[in-house]
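One structure below.
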Amino acid sequence: MTSPMIMCASMQTTDPEHLPSVSEGVRLQKYLADAGLCSRREAERRIEKGRVRINGKTVLEMGVRVKPGDLVEMDGKKAEANEPLIYVMLHKPADVVTSCKHRGERVVTDLVNLPFRIFPVGRLDKDSTGLLLLTNDGPLHHRLSHPSFDHEKEYLVQTQPALDDNALAQMAGGIVIEGRKTRPAKVYRQNRETFRIVLLEGRNRQIRKMVAACSAEVVKLHRIRMTFLNLGRLPSGEWRHLTPEEVTKLKALKENHPAYKKQFKGRK
């Protein structure tokens with residue numbers, strides 16, 4: 001069995017500012033109405049007059065949607081939808097898309113029967129399984145999904161053919177995929193065909209591409225942990241609310257981190 005390979009990497013901090021995608025999120029006029037500021041029709045009029053901003057940018061289009069982490073302002077005042085904050089852990093099964101809407105596909109929010117709109121934190125690709133968090137808490141969503149905050153995500157990975165110790169050592173040290181080297185990771189052999197890997201980043205299909213760079217393919221990819229949260233024995237396809245203690249601990253994660261202060265200075 002190989003010993004754990006723990007390596008450090010320099011931290012990259014970014015502060016992306018962009019308008020929300022039109023494919024996910026809550027429509028801006030509905031968001032403003034839910035915040036109790038005005039009716040939807042009045043919200044449309046105010047948007048047309050340039051009185052509404054998202055992430056510091058004036059919005060004039062009706063199709064724009066609000067996603068977790070977006071700062072919405074009307075006439076210079078912060079707007080917040082009047083909904084309870086929801087925190088959910090889901091055991092994502094295979095063949096379900098990590099999205100709020102995907103035409104012709106079953107999505108993760110179909111599995112959580114709640115009257116409030118919640119959003120997945122990060123992604124698991126369609127074939128992957130395991131722990132997925134969903135919430136409507138924007139600042140927390142940002143802290144958990146943004147790579148600047150260095151939150152650990154742990155996976156069980158089965159490959160074909162099995163990777164040898166040299167390949168696992170390469171994965172621990174970082175592998176160049178698509179012209180950029182992955183950050184150092186912790187890698188542990190589980191058995192001949194399976195290993196555990198702990199990442200501090202989450203690039204698109206990263207583990208699958210790292211395995212492919214070692215001349216193998218992923219047979220099963222299963223997330224078992226995010227930060228201190230473990231999937232445990234939660235059955236596939238089932239979900240649960242996080243406990244108050246878990247929510248408190250999540251909110252306490254790295255609130256003094258420079259990236260958090262920069263993005264959410266003065267926001268609660």
Exercise. How large, in percent, is the carbon and sulfur part of the accessible surface of region 82-128 at a probe radius of 1.4 Å?
Worked result: 45 percent
Exercise. What per residue convex hull volume, in Å³, do the alpha-carbon atoms of region 95-201 yield?
Worked result: 135 Å³
Seminar exercise, completed: Regression test value, accessible area per residue of region 33-88, probe 1.4 Å, units Å², expected 55 Å²
Exercise. Tell me, what is the per residue accessible area of region 102-252 in Å², probe radius 1.4 Å?
Worked result: 48 Å²
Seminar exercise, completed: Expressed in angstrom and rounded, the centroid-to-centroid distance over alpha carbons for region 118-132 and region 163-235 is 16 Å
For this session: Search the structure for amide H atoms under 5 Å from the amide H of ASP127, placed 1.01 Å from N in the peptide plane, and list their residues when 5 or more places away or on another chain.
Result: ASP95
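The values are calculated or read from the model by the stated rules, or taken from the named source; none is laboratory data. Everything numeric in this text was worked out from a predicted model, so none of it was measured. For the accessible areas, the whole protein counts, side chains as well, though only heavy atoms, and no ligand, DNA or RNA atoms are used. Shrake-Rupley method; radii C 1.70, N 1.55, O 1.52, S 1.80 Å.
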